[in-house]
Amino acid sequence: MIAGGSVAGLLCAREIASKGFSVLVIEEDYEIGTPEHCGGLVSLAGLEELGIIPFRKTFDHMIETAEIIAPNGNKFTINSKKQKVIEISRRELDKQIAFQAQKNGAVIKVRTSFQEITDTGIRTKEEEIDCKIFVDARGVSSLIHKDRTGIISSAQYEIYADWIKKGKVKVMFDQEKYPGFFAWVIPSNEGKGKVGVAGRGINVSEVLDEILKENGIHSTIRKIYAPIWIKGPIKNFVDGKTVIIGDAAGQAKPTTAGGIFTSGMGGVYAGKAIAKFLKTNNQTDLDEYQKRWTERFGKEFEKQNFARKLLERIDNQTINKLFDAITPEIIKDISEKDDFDFHTSSIIKLLGMKGSIKTAQALIGGEFKKLLR
């Protein structure tokens, strides 16, 4: 039994059903794939590992460049062609995975919400359902009662605007306007895309309206408001016969809150572990899920968490100085070598690892060394 019909929940269902076990996925919204909280960026390599070759409707286009903008307006551009990052339609991606899960034998029901765990399974609004394992894939809403300090508000508008260019992402830093996070522009096509912002203690709607006003003429066709989790994985992914995956387990990146690949792999690992447990009834087989995910992503997430804490501490003046210290060699190095799904090495370079480490250490102090472990 899986509550939550997004990437992690559907991939988990696909894996369990592929081994011949019955799986029911319930989704509280009216449609799989909505609302689209996500910016929709993922690497082709990540999708391939998740077992997804995107349909034509799913895959919008490749991202060619990412422009990073400092509070004072200084900017640099990373060429992202080698990282093979694509912009996808989350609505279509989720439906594509739902189709995979269904083909394997899973059953999916929308407009059905989880209410509570019972002695024999779970209760929805309509009925009680018996199950051996309950999988919580309900996203950030599952974390709100556990730890509010890891949650910040975000807004993302889908817009039409001539100043949105196909293949060109923008990331804007300003600790006064969006403290502890950033604003972004992600194109869906020429003249169409998603503009978003997140930050601690801000009115995201007002801030986003201001960003749009500064950029020029636009038409807004959709507005989405959603909390995001930036504190990394929770302590226990498995609690008795409850298995927690995806955003509900804190498997979105602490640096960007993006999680198609990292949360998706949580679903895949959990599904494989659950299928094995259902055969053996051996708890260690179920625990294998957290072990595998942590071996794969644990160290990277620790570093991303630390990078996030640094970002929350530094002010605009420091960010502007760091931008001044970035050399063409650093930009070239990031453009040519780095992995979109494991990007701490990019952050290290941007903080001055190559060619300007003295600047970075003077600005940030000895804590910078912790990132290099």
Exercise. Does Pro227 count as touching a residue at least 12 places away in the same chain (Cβ under 8 Å) and not in a loop (DSSP other than H, G, I, E, B)?
Worked result: yes
For this session: Name, by its number, the condition in (1) assigned to a helix (DSSP H, G or I); (2) hydroxyl-bearing (Ser, Thr, Tyr); (3) in contact with an Asp or Glu (Cβ under 9 Å, 6 or more places away or on another chain) that does not hold for Thr149.
Result: (3)
Problem set entry | Conditions (1) surrounded by fewer than 22 Cβ atoms within 10 Å (Cβ to Cβ); (2) touching a strand residue (DSSP E or B) at 6+ places or on another chain (Cβ under 7 Å); (3) assigned to a loop (DSSP other than H, G, I, E, B); number of the one not met by Thr220 | (3)
Seminar exercise, completed: Residues of region 14-28 being surrounded by 15 or more Cβ atoms within 10 Å (Cβ to Cβ) and not aromatic (Phe, Trp, Tyr), in sequence order, are Arg14, Glu15, Ile16, Ala17, Ser18, Lys19, Val23, Leu24, Val25, Ile26, Glu27, Glu28
Exercise. So which of Ile117, Ile186, Ile159 is closer than 27 Å to Gly250 by Cβ, surrounded by 13 or more Cβ atoms within 10 Å (Cβ to Cβ) and in contact with a Leu (Cβ under 9 Å, 6 or more places away or on another chain)?
Worked result: Ile186
Problem set entry | Top-ranked residue of region 121-137 - restricted to ones that are part of a loop (DSSP other than H, G, I, E, B) and at pLDDT 95 or above, ranked as nearest to Glu312 (Cα to Cα) | Ala137
Exercise. Is region 158-179 home to any residue that is touching a strand residue (DSSP E or B) at 6+ places or on another chain (Cβ under 6 Å), without any contact (Cβ under 8 Å) to a residue 12 or more places away in the chain and in a loop (DSSP other than H, G, I, E, B)?
Worked result: no
Exercise. Assigned by TED's automatic domain parsing to the domain that holds Lys235, outside any loop (DSSP other than H, G, I, E, B), polar (S, T, N, Q) and modelled with pLDDT under 90 - does that describe any residue in region 94-116?
Worked result: no
Exercise. Of all the residues that make up region 321-342, how many are part of a helix (DSSP H, G or I) and crowded, with 16+ Cβ neighbours inside 10 Å?
Worked result: 9
Exercise. Any residue in region 62-76 that is modelled with pLDDT under 90, touching a helix residue (DSSP H, G or I) at 6+ places or on another chain (Cβ under 8 Å) and farther than 28 Å from Ile274 by Cα?
Worked result: no
Exercise. Hey, any hits in region 194-214 for a residue that's more than 28 Å from Gly46 (Cα to Cα), among the small types (Gly, Ala, Ser), assigned to a strand (DSSP E or B) and in contact (Cβ under 8 Å) with a residue 24 or more places away in the chain?
Worked result: no
Exercise. Within region 41-49, can one find any residue that is farther than 22 Å from Ile230 by Cβ, over 17 Å from the mean Cα position of the chain (by Cα), surrounded by 14 or more Cβ atoms within 10 Å (Cβ to Cβ) and at pLDDT 90 or above?
Worked result: no
Problem set entry | Number of the condition not met by Arg56 [criteria: (1) touching a residue at least 12 places away in the same chain (Cβ under 8 Å); (2) not assigned by TED's automatic domain parsing to the domain that holds Ala248] | (1)
Exercise. If you check Asp333 against the conditions, is it of a type in the set (Asp, Glu) and assigned by TED's automatic domain parsing to the domain that holds Ala8?
Worked result: no
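The values are calculated or read from the model by the stated rules, or taken from the named source; none is laboratory data. Computed from a prediction, not measured in an experiment: that's the story for all the values here. Cβ sites come from the backbone with ideal geometry, for glycine too, and all protein chains shown count toward neighbours.
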